[in-house]
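**Student:** The structure follows.
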Amino acid sequence: MRAVRIDRFGGPEALVPVDVPDPVPGPGEVLVRIAAAGVNRADALLRAGLYHRAGRPPLIPGAEAAGVVVEVGEGVTDFAPGQRVMALDGGKSSGFYAELATVSATQVVVLPDGVDLARAAALPIAWLSAWYCVRHLARVSKDDTVVVKAAASGVGTAAVQIAAEAGARVIALAGSAEKAAWAGEFGADVIVDTSAFPDDAEVEEVLRLTDGGGADVVLDTVGGRAFGRSLREVGHGGRVVALANVALEPSTVDTRDFYPKNASILGFQLTNLQIHGYDPRPDLRELADRVAAGAYRVPIETVVPLEEARAAHERLERRDNRGKIVLSVGPEFGK
């Protein structure tokens with residue numbers, strides 16, 4: 001089968017198209033013919049050797065995908081060949097930058113009608129992360145004001161929609177006027193071009209927009225220095241949810257920025273959550289049903305053929321994409 005492999009850690013050039021043997025499903029596993037695979041920042045960190053759970057090369061990257069069941073392993077009774085599914089890497093898949101992949105049946109969900117495979121491939125990482133953080137951790141309600149950072153990203157556009165559906169007032173922060181305007185198309189009540197409000201000025205703008213009281217929830221998808229600003233932007237009794245450090249820099253925290261406000265800091269990391277017992281399938285099913293019903297829009301900005309995964313990573317690392325980058329792998333793409 002065709003696949004893209006990392007034979008040595010490095011830049012996007014480390015992604016090499018190869019031919020490898022077809023994987024065979026073991027007990028409790030499902031073999032999926034991949035139609036589309038999502039491209040995530042965790043993939044780029046894995047490729048660079050910076051991901052905290054990275055193994056050693058050779059590695060086939062890819063943590064989310066959608067496709068069609070080809071075969072099931074011993075003991076699997078919930079799936080049958082021909083079913084359309086989406087899959088999430090729980091740490092044991094064979095890697096989704098490939099035509100075929102094996103994955104634990106506990107990480108696979110059958111898709112409802114109305115969700116094509118391209119959009120389904122974008123749900124298991126970014127959308128599930130946004131869903132869990134907004135719905136379960138922050139418990140956003142109609143009484144909340146929610147700040148979403150990097151609101152034009154995959155997680156950001158999902159979080160804006162999920163928080164807006166909950167009835168919250170959403171303030172979307174993005175790194176350019178174009179990205180901020182685009183984030184506004186997903187239900188944000190207020191958009192902020194953070195390039196016009198560098199550093200402390202961003203904090204002042206959020207406080208101004210909240211009448212000086214700060215936000216009820218700040219979803220920090222950036223990390224680094226941005227996390228320190230998030231603590232200053234949250235209000236009394238508020239919640240700061242930290243789920244990434246794409247800045248790849250230390251976060252300097254002044255405890256005086258949050259403890260006097262009785263604010264909470266909530267951390268989220270999807271793989272680690274699963275290791276400690278979280279079953280993603282109920283949330284993924286609900287997400288897919290909501291997408292099928294038309295409640296959410298899943299924006300796919302760029303589609304790149306599997307063999308050109310290097311170009312997908314180059315675009316991801318330029319940070320000029322709006323929405324999701326997806327690899328087109330098989331003929332079922334878009335079905």
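The values are calculated or read from the model by the stated rules, or taken from the named source; none is laboratory data. In this text, all values refer to a predicted model and were calculated from it rather than measured experimentally. Note: ideal-geometry Cβ built from the backbone for every residue, glycine included; neighbour counts use all protein chains shown. Please note that ligands, DNA and RNA were not included when accessible areas were found on the heavy atoms of the full protein model with its side chains. Shrake-Rupley method; radii C 1.70, N 1.55, O 1.52, S 1.80 Å.
**Student:** Could you tell me which residue of the range 198-207 is farthest from the chain's Cα centre (by Cα), considering only residues that are buried (at least 16 other Cβ atoms within 10 Å of the Cβ) and either over 18 Å from Lys179 (Cβ atoms) or among the hydrophobic types (A, V, I, L, M, F, W, C) (or both)?
**Tutor:** Leu207
**Student:** Could you please tell me which pairs satisfy a Cβ distance under 9 Å, a separation of 6+ or placement on different chains, a first residue in the range 246-257 that is within 21 Å of Leu46 (Cβ to Cβ), and a second residue that is in a loop (DSSP other than H, G, I, E, B) and modelled with pLDDT under 80?
**Tutor:** Val246/Arg319
**Student:** Related question: I want to confirm something. Restricting to the range 214-236 and keeping residues that are in a loop (DSSP other than H, G, I, E, B) and farther than 19 Å from Ala188 by Cα, which single residue is nearest to the chain's Cα centre (by Cα)?
**Tutor:** Looking at the filtered set, the residue picked out is Gly223.
**Student:** Taking the condition of being of a type outside the set (D, E, K, R), over 17 Å from the mean Cα position of the chain (by Cα) and open to solvent by 10 Å² or more (accessible area, probe 1.4 Å), how many residues in the range 283-328 meet it?
**Tutor:** Looking only at that region, the number is 8.
**Student:** Could you check how many residues of the range 87-126 are part of a loop (DSSP other than H, G, I, E, B) and of a type in the set (Ser, Thr, Tyr)?
**Tutor:** 3
Quick grid of which residues meet (1) of a type in the set (A, V, I, L, M, F, W, C); (2) in contact with a Cys (Cβ under 7 Å, 6 or more places away or on another chain); (3) closer than 19 Å to Ser153 by Cα; (4) open to solvent by less than 10 Å² (accessible area, probe 1.4 Å):
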residue	(1), (2), (3), (4)
Asp211	no, no, no, no
Gly235	no, no, no, yes
Val253	yes, no, no, no
Arg256	no, no, no, no
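**Student:** If the requirement is being open to solvent by less than 20 Å² (accessible area, probe 1.4 Å) and over 29 Å from Thr221 (Cβ atoms), which of these qualifies: Gly28, Gly82, Gly73, Gly62?
**Tutor:** Step by step, each of Gly28, Gly82, Gly73, Gly62 is checked, and only Gly73 is open to solvent by less than 20 Å² (accessible area, probe 1.4 Å) and over 29 Å from Thr221 (Cβ atoms).
**Student:** Another question, if that's okay. Could we say that Ala150 is at positive phi and crowded, with 24+ Cβ neighbours inside 10 Å here?
**Tutor:** Yes.
**Student:** Applying the selection to the range 32-52, what residues are among the basic types (Lys, Arg) and either within 16 Å of Arg8 (Cα to Cα) or in a strand (DSSP E or B) (or both)?
**Tutor:** Scanning the range 32-52 gives Arg33, Arg47.
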